[in-house]
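What follows is one structure encoded as structure tokens, with my remarks underneath.
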Amino acid sequence: MTTLPDAGTTAGSAAHLSAEPVGDPARQRTFAWEDPGEIAAAGAGRSGAELLAAWQAGTLPPPPVMRMLDFDGATFGEGSAAFQLTPREFHYNPLGTVHGGVLATLLDSACGCAVHSLLPAGVFYTSLDLTLKFLRPVTIQTGQITAEASVTHLGRRTALAEGRLTDAAGRLYATAVSSCLVMRPA
């Protein structure tokens, strides 16, 4: 088992674990986000389609995760959703490719929002599970990728959505199947 050194050990040994900027200024980034509680409150009286339309129109800010991971954009339809992302170095894992968790977040977002687009006001969802198949690595050279998802089943208590992650040429990089719990008022 490997343990990471304490931040206070030898100079520079754990600097990469610090929240302080280090190294090349071109490899530093900051981002801002709006209060997620206010975003949730603003969406409480809206249907899923109305909430997603407000995000797309810019009348409601997007969730903080979209800013943190630097999503390029989103589009929504009835029972469908798509998110774009242009890979950057800060998305990389130690192997020099985009971390699978970033790709999973992109696909989870698309699948979840596809389900949300069909829910009336006051009805919410949460992901129960997400199954992914990674088919090829994503790198900066891949260019912009798009996670598209559509609902395959919407029941009273559960929903299913399927997603695909492709590049601009239509090459498939990953697939996903998501199960969501539909939460209706009592």
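The values are calculated or read from the model by the stated rules, or taken from the named source; none is laboratory data. From a predicted model like this one, the values you see are computed outputs, not experimental measurements. Cβ placement follows ideal geometry from the backbone for every residue including glycine, while neighbour counts extend to all protein chains displayed.
Residues being surrounded by 20 or more Cβ atoms within 10 Å (Cβ to Cβ) and of a type in the set (Gly, Ala, Ser): count how many of those fall in the range 115-149.
Residues meeting the conditions: 3.
Condition check: at pLDDT below 95, exposed (fewer than 12 other Cβ atoms within 10 Å of the Cβ) and of a type outside the set (Asp, Glu). Does GLY73 satisfy that?
Working: at pLDDT below 95: yes; exposed (fewer than 12 other Cβ atoms within 10 Å of the Cβ): no; of a type outside the set (Asp, Glu): yes.
Here the answer is no, as GLY73 does not meet what is asked.
Kindly provide the set of residues from the range 45-78 that are among the aliphatic types (A, V, I, L, M) and touching a strand residue (DSSP E or B) at 6+ places or on another chain (Cβ under 9 Å), ordered by number.
Across the range 45-78, the qualifying residues are ALA49, LEU52, ALA53, VAL65, MET66, LEU69, ALA74.
Residues to consider are LEU132, LEU51, LEU107, LEU118; find the one that is touching a residue at least 12 places away in the same chain (Cβ under 8 Å), touching a helix residue (DSSP H, G or I) at 6+ places or on another chain (Cβ under 9 Å) and closer than 23 Å to GLY170 by Cβ.
Among LEU132, LEU51, LEU107, LEU118, only LEU132 is touching a residue at least 12 places away in the same chain (Cβ under 8 Å), touching a helix residue (DSSP H, G or I) at 6+ places or on another chain (Cβ under 9 Å) and closer than 23 Å to GLY170 by Cβ.
What's the number of the condition ALA186 fails, among (1) part of a strand (DSSP E or B); (2) surrounded by fewer than 16 Cβ atoms within 10 Å (Cβ to Cβ); (3) among the hydrophobic types (A, V, I, L, M, F, W, C)?
All conditions are met except number (1).
Residue pairs, Cβ under 6 Å, 6 or more apart or interchain, first in the range 160-186 and modelled with pLDDT under 95, second surrounded by fewer than 16 Cβ atoms within 10 Å (Cβ to Cβ). List them.
Going by the 6 Å Cβ cut-off, the qualifying pairs are ARG184/VAL123; PRO185/GLY122.
May I ask you to say which residue of GLY100, GLY155 is farther than 21 Å from LEU52 by Cα, modelled with pLDDT of 95 or more and of a type outside the set (D, E, K, R)?
Working: GLY155 fails: farther than 21 Å from LEU52 by Cα.
Going through GLY100, GLY155 in turn, the sole match is GLY100.
Residues of the range 79-138 being of a type in the set (S, T, N, Q) and either out of contact with any strand residue (DSSP E or B) (no Cβ under 6 Å at 6 or more places or on another chain) or in a strand (DSSP E or B) (or both), which ones?
SER80, GLN84, ASN93, THR97, THR105, THR126, SER127, THR131
Since SER80 meets every condition but one in (1) surrounded by 15 or more Cβ atoms within 10 Å (Cβ to Cβ); (2) under 18 Å from VAL65 (Cα atoms), which condition does it not meet?
Only one criterion in (1) surrounded by 15 or more Cβ atoms within 10 Å (Cβ to Cβ); (2) under 18 Å from VAL65 (Cα atoms) is unmet by SER80, namely (2).
So which of GLY37, GLY48, GLY43 ends up being exposed (fewer than 10 other Cβ atoms within 10 Å of the Cβ), modelled with pLDDT of 80 or more and within 30 Å of HIS116 (Cα to Cα)?
Checking each option against the conditions leaves just GLY37.
Considering only residues of the range 150-172 that are closer than 19 Å to GLY100 by Cβ and not hydrophobic (A, V, I, L, M, F, W, C), which is surrounded by the fewest Cβ atoms within 10 Å (Cβ to Cβ)?
ARG171
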